[in-house]
1. What is the average number of partner chain Cβ atoms found within 10 Å of a Cβ in A:187-197?
2. Local charge sum around residue A:47 (other residues, Cβ-Cβ under 12 Å, Lys/Arg +1, Asp/Glu -1)?
3. With solvent modelled as a 1.4 Å probe, how much accessible area in total do chains A and B shield from it at their shared surface, in Å² to the nearest 100?
4. If you take the beta carbon distance between residue A:70 and residue D:33 as r and set R0 to 51 Å, what does 1/(1 + (r/R0)^6) give as a FRET efficiency, to the nearest 0.05?
5. Among the listed pairs A:57/D:47; C:7/D:57; B:57/C:47, which are separated by more than 31 Å between their Cα atoms?
6. Per residue of C:170-182, what is the mean number of Cβ atoms on other protein chains within 10 angstrom of that residue's Cβ?
7. What is the mean number of Cβ atoms from other protein chains located within 10 Å of the Cβ atom of each residue in peptide D:133-142, rounded to a whole number?
8. In percent, how large is the relative contact order of region D:1-129, given Cα pairs closer than 8 Å and 6 or more residues apart?
There are 4 protein chains.
Amino acid sequence: MGAVKSKRMPRAVREQQMLDAAVRTFGQRGYMAASMDEIAELAGVSKPLVYLYLNSKEDLFTACIRREARALTEAVRAGVRPGLAADRQLWDGLGAFFTHTGRNPDAWSVLHLQARTHGERFAAEAAAMREEIVAFVTELIVVAAREAHRDPDLAEGEVAGLAVALVGAAESLATWANATPGVTARQAAATLMNFAWAGLGNLMEGRPWSAPVMSDELSASGAVDVVHGA
Amino acid sequence: MGAVKSKRMPRAVREQQMLDAAVRTFGQRGYMAASMDEIAELAGVSKPLVYLYLNSKEDLFTACIRREARALTEAVRAGVRPGLAADRQLWDGLGAFFTHTGRNPDAWSVLHLQARTHGERFAAEAAAMREEIVAFVTELIVVAAREAHRDPDLAEGEVAGLAVALVGAAESLATWANATPGVTARQAAATLMNFAWAGLGNLMEGRPWSAPVMSDELSASGAVDVVHGA
Amino acid sequence: MGAVKSKRMPRAVREQQMLDAAVRTFGQRGYMAASMDEIAELAGVSKPLVYLYLNSKEDLFTACIRREARALTEAVRAGVRPGLAADRQLWDGLGAFFTHTGRNPDAWSVLHLQARTHGERFAAEAAAMREEIVAFVTELIVVAAREAHRDPDLAEGEVAGLAVALVGAAESLATWANATPGVTARQAAATLMNFAWAGLGNLMEGRPWSAPVMSDELSASGAVDVVHGA
Amino acid sequence: MGAVKSKRMPRAVREQQMLDAAVRTFGQRGYMAASMDEIAELAGVSKPLVYLYLNSKEDLFTACIRREARALTEAVRAGVRPGLAADRQLWDGLGAFFTHTGRNPDAWSVLHLQARTHGERFAAEAAAMREEIVAFVTELIVVAAREAHRDPDLAEGEVAGLAVALVGAAESLATWANATPGVTARQAAATLMNFAWAGLGNLMEGRPWSAPVMSDELSASGAVDVVHGA
DNA sequence: AATGAATGAGGCTTCATTCAT
DNA sequence: CATGAATGAAGCCTCATTCAT
């Protein structure tokens with residue numbers, strides 16, 4: 001079972017262990033089906049200690065959402081280098097995104113599914129993160145339009161919709177990749193770049209988007225999978 | 001209070017009332033937070049009757065998922081005319097999809113959120129519907145490729161990914177449209193067609209996908225909103 | 001333990017059984033030490049039924065206070081005949097009071113002790129009853145002054161204090177009588193009438209208040225105890 | 001926060017701080033609602049230290065009762081000069097009593113309410129003090145009878161009842177005075193002396209008890225309020 | 001066809017109390 | 001002298017579910 005039971009740890013450490021256990025339990029069982037008993041046991045602690053440090057089931061869940069939202073956004077931010085071209089930034093960001101969601105499937109479940117299905121308070125917490133990502137993508141689209149010498153007669157609402165669509169596609173692919181053995185982060189990112197950048201119309205006619213070399217941390221994952229059309 | 005309390009109705013009718021109440025309650029409260037008490041009261045029936053007809057909370061939820069999944073897929077199917085070009089079929093299908101989700105937000109919440117967050121059994125039930133839609137889209141993509149005289153050297157997994165991305169984008173837009181006042185089904189469909197068919201790259205360069213006239217039921221909604229680029 | 005377990009009773013009856021059990025338990029254990037488990041068992045019912053009918057521990061306690069407060073004030077009211085002289089009314093009222101508290105010691109504990117020691121909400125509930133009794137006594141004092149042809153230059157606050165003192169003395173005697181075997185309601189009433197009406201000063205000088213014949217329901221208790229000085 | 005946190009104090013001092021905090025907390029929250037956490041924090045000490053010095057919640061509460069009981073009885077004793085007439089002794093004793101309860105409302109709540117509502121053990125502890133006061137009053141009554149040349153054909157039980165009534169009246173007035181702004185210890189004492197010594201009957205006829213000058217510590221309170229009838 | 005009455009089981013939360021340092 | 005870390009036990013409350021009519 002859970003972590004090795006070593007007594008008397010400083011509070012900060014114990015709190016992280018509890019959050020680890022909680023993310024895992026919430027991710028797998030769902031918020032309501034997860035019991036504080038199970039979480040405490042998985043954390044290798046007694047229930048009262050969980051309450052002493054995290055206050056309540058709601059606060060515990062909120063803490064999980066916050067921690068994982070920050071972790072995800074920072075992973076994406078770390079994967080992107082601001083100076084580069086828009087498509088390159090998107091490619092890098094998607095790579096970081098799929099890598100992170102792939103490595104932390106329970107956290108992804110918490111953020112993408114659980115946080116959105118159990119009350120406004122949690123949904124708002126997760127929506128804040130999503131908005132941050134949508135804003136990042138929106139900015140990329142605007143920049144890309146500028147790069148293409150095409151000042152945005154793309155109406156603002158239009159761009160918002162495009163960003164929502166792109167992010168939704170990414171979320172869908174993340175969940176799909178986690179559930180489908182053999183799909184790598186790189187593949188997911190390539191698929192989405194093709195879809196988003198070239199469009200199905202271009203794809204049909206043999207003009208896909210051509211993928212640049214992946215950023216370091218991703219290529220480290222080892223897979224040298226062929227990107228479609230490359 | 002729920003429906004007007006009229007005694008002695010045929011079973012089939014009562015069952016639909018119960019499912020109506022259940023979909024509404026599950027959609028708004030969530031599966032676990034919804035209580036059988038509330039559902040029974042909203043349906044204007046006593047609790048034992050709910051159990052007599054629907055057996056258990058799990059079965060009731062399953063019945064909701066099935067009914068709403070069927071309703072959604074049939075709405076989409078009804079919106080599409082098989083003979084037409086692939087993009088036209090997609091456009092019509094998306095129109096029907098967004099129209100239906102917009103008119104039945106609780107059902108959409110049940111299918112897209114609740115069914116996926118409360119255990120494998122329900123998730124599988126909803127996944128079946130999703131697969132049907134993904135299959136429809138996949139077929140469209142293959143057809144489109146064929147139409148473009150470009151026999152699919154699009155690998156099968158590649159097409160699957162594209163379909164998942166497109167469906168995810170649609171789901172994301174549906175939820176976004178439901179939460180954002182002023183966004184019509186037509187707009188959502190147009191945004192997604194631009195995104196999916198033309199690709200951001202083309203959009204940037206001023207070559208959007210051009211929308212055909214909408215199918216009847218949609219134009220009936222009255223809005224004559226301008227589609228980007230049309 | 002508890003009442004004979006007979007299933008399926010109408011709600012009103014069950015509620016009274018629950019209140020009986022609750023008054024007994026609260027009176028003997030105290031509000032906080034009383035557990036809902038114990039109350040339910042004593043009532044011969046399962047805990048959920050208690051909650052279904054009485055909502056919460058707080059509401060249950062409030063219901064107890066209200067029922068017993070009403071019972072006590074009505075017992076006193078029923079013992080007094082408005083037309084008679086002030087001292088006679090007080091005598092009758094005290095008789096009814098001590099009889100009731102003697103027969104319902106748990107109820108008396110709930111009203112006099114428990115209700116006042118567990119939060120403003122309950123205290124206010126019990127204070128309402130006490131005020132009613134204090135008002136009754138106050139009125140008697142004013143009437144008595146008028147009877148003695150002595151228009152009240154007794155300041156209003158003065159009378160209030162006297163009433164509070166008299167009621168406090170009665171409460172103290174009630175508790176004392178319940179704890180001291182052999183003290184009857186009649187004796188308690190006589191002691192208090194002597195104390196209150198004659199005053200210690202007069203008593204010392206051999207001029208006690210002379211007790212009239214007791215009202216019916218009290219003499220029914222059988223004891224033919226000698227009233228001091230009679 | 002409670003007292004200023006200064007480390008390393010002699011045990012006796014720390015204990016008093018803890019008792020101060022406990023009396024305050026028990027008096028305001030009630031015995032059961034008071035948590036050891038709150039008491040420790042208010043005392044500016046860690047919980048284990050409270051246990052080290054006072055053993056348990058029960059022992060802590062007992063210690064509170066004992067300390068405050070002793071403080072109250074000693075205040076009364078200090079207010080009375082044994083040689084004087086009985087009514088004068090009572091007057092002085094009541095003055096000291098109401099002064100003390102007015103200055104220590106939490107202690108009064110602990111003694112009069114909390115100690116009597118949370119189990120025999122505590123009730124007995126408080127009853128001991130009460131008995132001491134009742135005995136004092138009983139003795140006064142006996143002395144008064146003797147002074148009136150009227151050897152007690154007042155039966156012993158009769159006298160006991162009178163003393164209980166008087167003490168109950170005093171307790172009631174103490175609580176009332178604490179809750180009613182503007183009521184001074186002197187007024188409360190005067191009200192009770194009138195009530196007890198003259199009796200309502202005499203009062204009605206314009207023959208109240210006449211108050212002597214107050215003892216020093218009371219007159220220090222400054223108010224030179226007119227005693228009814230003086 | 002329909003329901004008022006009833007419950008087993010389980011979850012969240014809090015508390016008095018104790019180690020180990 | 002003093003405490004941060006930790007827990008067994010127990011209480012309130014709610015829910016899905018059934019029985020007897």
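The values are calculated or read from the model by the stated rules, or taken from the named source; none is laboratory data. Note that the structure is predicted; figures quoted are calculated from it, not measured. Note: ideal-geometry Cβ built from the backbone for every residue, glycine included; neighbour counts use all protein chains shown. Each accessible area value is taken on the protein alone, full model and side chains, heavy atoms only, with ligands, DNA and RNA left out. Shrake-Rupley method; radii C 1.70, N 1.55, O 1.52, S 1.80 Å.
1. 5
2. That sum, taken over residues with Cβ under 12 Å, equals -2.
3. Numbers: alone 12440 and 12410 Å², together 21020 Å².
It comes to approximately 3800 Å² buried between A and B.
4. Details: r = 39 Å, r/R0 = 0.76.
It comes out at approximately 0.85.
5. Among A:57/D:47; C:7/D:57; B:57/C:47, the Cα-Cα distance tops 31 Å for C:7/D:57.
6. 4
7. The per-residue average across the peptide is 1.
8. Reported relative contact order: 29 percent.
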